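Written below as C-alpha cells is the structure these notes are about.
Just so it is clear, none of the values below were taken in a lab; they were calculated from the coordinates. Predicted model, so just to flag it, every value in this text is computed and none were measured. Heads up, the Cβs are rebuilt from the backbone with ideal geometry, glycines too, and the neighbour counts pull from every protein chain shown.
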There are 2 protein chains.
Amino acid sequence: MYFYENFIFVTLSEEDYIKAIYHLGKTQTAAVSTNAIAKRMATKPSSVSDMLRKLSDKGLVNYKRYKGVTLTDEGIATALNLVRKHRLWEVFLVDKLEFTWDEVHEVAEQLEHIKSEKLIDKLDQHLGFPEVDPHGDPIPSKNGEFKTSIKKLLKDLSIGTTGICVGVKDSSKTFLKFLDRKKIALGDEIKVLEREEFDGSLHIDIDGRDLHISKQIATNLYVKEV
Amino acid sequence: MYFYENFIFVTLSEEDYIKAIYHLGKTQTAAVSTNAIAKRMATKPSSVSDMLRKLSDKGLVNYKRYKGVTLTDEGIATALNLVRKHRLWEVFLVDKLEFTWDEVHEVAEQLEHIKSEKLIDKLDQHLGFPEVDPHGDPIPSKNGEFKTSIKKLLKDLSIGTTGICVGVKDSSKTFLKFLDRKKIALGDEIKVLEREEFDGSLHIDIDGRDLHISKQIATNLYVKEV
DNA sequence: ATTTTTATTTTGTCTAAATAAAAAAATGGC
DNA sequence: GCCATTTTTTTATTTAGACAAAATAAAAAT
Ligand SMILES: [Mn+2]
Ligand SMILES: [Mn+2]
Ligand SMILES: [Mn+2]
Ligand SMILES: [Mn+2]
C-alpha cells in the first residue's frame, strides 16, 4: 500500500515551460529540443536543462539527456488546462471588458496561472461555453477535449472558392492591428478572385469589398471553406 | 539632470507585505510591529525584518530598527491600489460568477496581483463602479479615495433603533457561513428589540423575523442607523 | 541598579529560478 | 572513422524569499 500525491504542485515558471513544450510539440512529431524552448521563452539553454530535469522528476515530461523532451499524459493534461484558462480569459477580456484582440495576450499570460477550478468553471459558464478564443483558437474542454475544425490557410484556397475567416496563424500584435486597419475580422466571408503569379498575392472579395493582399497575409489567415 | 525610475517594480511578496502593513496600521496610530506582521502573514519575524529592509530601500516604508514600520506615501498608494483590485475582483466573483461571499477571498488574494491598469479600469466599469465589496468594505477609487460611510457596530445601537446591515467586521468563512444560515445579509433592516443583561445578547427584528443573537455576533456586524 | 523577559535583528542555510563559462555529447562533412 | 561545429549539459554564481538559531535591544520586573 503506497501513498500517492494526488496533485503535484506546479509553479508558475514550470507552467510556462510546460506550455512552451506543448506549443512547440504541436507542430512536430519529434521531441522538443532544449534550444527551441530556450528561444521561445527568451531564456538560456542551461536554464532549460535544469528545468527539464525538475519537470521530469515531477513526472510531467519524458526527458532523455541530449534527446529532447515530450510531455507525459500528466504533462499534456497540465498544458491543456493552461491553454484552456488562457483562452477563456482572452474571451473574457474581449467579450466582457472591451479589450481588442491584440491586447489580450499579455494579461491572459498572467491570468492563466490563477489557481481555482471553480473560478474557471464559472468563467466558462459566464462566457456561454465558448469554443474558440478571440484569435480563432479552440478552447479545450474541462477534460481536455478539442473541437478540431477543418480549416485551411487562405493561400491554399483555389481561385473562385469562398471561405469564412476563422482564425489567425500569427497572432502577433502587429499582424492583428494590421488586420484591424484592413477591416479583416473573424467571421468575414472571403472569396478568392485571382492569384498573381509574380508574388503569390491574392485579389479577394471580403464582404463585398475588393482587396489585394500579400502572400504573407494569406499564409497567416485560416479560413473554413463553404 | 537625473534619471528617475518612474515605477518601482513590486513583487507579489512585497505587495502582500505592504497590504498587511496597511491593514494593521489602519486600526492603530503607532507604527506596526514586526511580530504583528509575522503573525498576520503566518511567517517568521526574521523574514519580516528582512523584507522591511528591502521595502525601506525601495522607499515604500519608513523603517527604524526595533521601532516598527509605517507606509510612505508611495507605500500607501501601492496598498490602496491593491485593496482596490482585491475588492473589485471580489465583486466580480460574486456579481458575475455566482461565488458566495465566503468563497471569494482566496481567489481575490491571487487576482489582486495581476498587473494591468487597463484591466482593472475596465473591470471597474464592467461592474458599474461599485463602492463596496461583498463584505461591505469600501473600494478605493483609482486615485485612492474612499467613501467613508458612517457605520457603527450593531451592539452599539440603542434599544428601539433601526439600522441597515452594511458590513461585517469579521469576514472569516465561518462567520459568513453562519450569517447565511441565519439568513442575515447586507441590506437587511435590523431593529434592536431588547438587550439581555446577562450575556449582552440581542433580540432583534430582521426584515420581519424575530431573532436572538449573541453579543459576539452583534460585535461583528456593521449597521447604518436610519 | 540589576536581572529577566520579550521583541527584533543578524547570521548562516535552504530552495527556486536564473546566468555565464566550461565540459560533454551529438552531428555533418570529408 | 575523425574533425569541426553545434547542441546540450554541468558547474559555479547570483538573486529573491524563507527559516532556525544566535545575538542584541528594549521593556518589565525585582
Ligand atoms: Mn504565463
Ligand atoms: Mn489566443
Ligand atoms: Mn495576495
Ligand atoms: Mn472583502
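The figures follow:
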{"quantity": "Anisotropy class of segment B:22-63 from Cα gyration tensor, a/c 1.5 cut", "calculated": "oblate"}
{"quantity": "Global geometry of segment B:152-225, whether rounded, prolate or oblate, following the gyration tensor of its Cα atoms and the 1.5 cut on a/c", "calculated": "rounded"}
{"quantity": "Efficiency of FRET between B:Lys39 and A:His212 - r from beta-carbon atoms, R0 60 angstrom, step 0.05", "calculated": "0.30"}
{"quantity": "Angle between chain A longest axis and helix A:117-126 axis [Cα atoms, degrees, rounded to 10]", "calculated": "20 degrees"}
{"quantity": "Label-point separation, A:Arg65 to B:Ala77 (7 Å along Cα→Cβ), nm", "calculated": "5.2 nm"}
{"quantity": "Part-to-part distance (alpha-carbon centres) for segment B:46-78 and segment B:160-226, which is given in Å", "calculated": "38 Å"}
{"quantity": "Structure-based [θ]222 nm, chain B - -39500 (n - 2.57) summed over DSSP H runs of at least 4, per residue, nearest 500", "calculated": "-12000 deg cm²/dmol"}
{"quantity": "The protein assembly as shown - Rg over Rh from alpha carbon coordinates, Kirkwood radius", "calculated": "1.06"}
{"quantity": "Nearest-ten-degree value, helix B:45-57 long axis tilted from longest Cα axis of chain B", "calculated": "60 degrees"}
{"quantity": "FRET efficiency for B:Ser49 and B:Lys118, using Cβ-Cβ distance with R0 set to 41 Å, rounded to 0.05", "calculated": "0.65"}
{"quantity": "For residues of A:83-96, the mean tally of beta carbons on other chains within 10 Å", "calculated": "1"}
{"quantity": "Percent RCO, i.e. relative contact order, over chain A, from Cα pairs under 8 Å lying at least 6 residues apart", "calculated": "15 percent"}
{"quantity": "Whole-angstrom gap from segment B:117-151 to segment A:102-126, using each part's C-alpha centre", "calculated": "21 Å"}
{"quantity": "Full-stretch length increase - B:Leu193, B:Glu109 - with 0.36 nm per residue and alpha-carbon distance subtracted", "calculated": "26.4 nm"}
{"quantity": "Base-10 log of normalised Debye intensity for chain A (one unit scatterer per alpha-carbon) at q = 0.10, 0.12, 0.13 Å⁻¹", "calculated": "-0.55, -0.76, -0.87"}
{"quantity": "Mean Cβ count within 10 Å, highest first, over the residues of peptides B:18-24, A:179-185", "calculated": "B:18-24, A:179-185"}
{"quantity": "Cα-Cα over 32 Å, subset of A:Lys115/B:Lys122; B:Lys39/B:Lys118; B:Lys96/B:Lys215; B:Lys122/B:Lys155", "calculated": "B:Lys39/B:Lys118; B:Lys96/B:Lys215; B:Lys122/B:Lys155"}
{"quantity": "0 to 90° range, to nearest 10: angle between helix B:12-26 axis and chain B longest Cα axis", "calculated": "50 degrees"}
{"quantity": "Residue mean of other protein chain beta carbons inside 10 Å, B:111-123", "calculated": "4"}
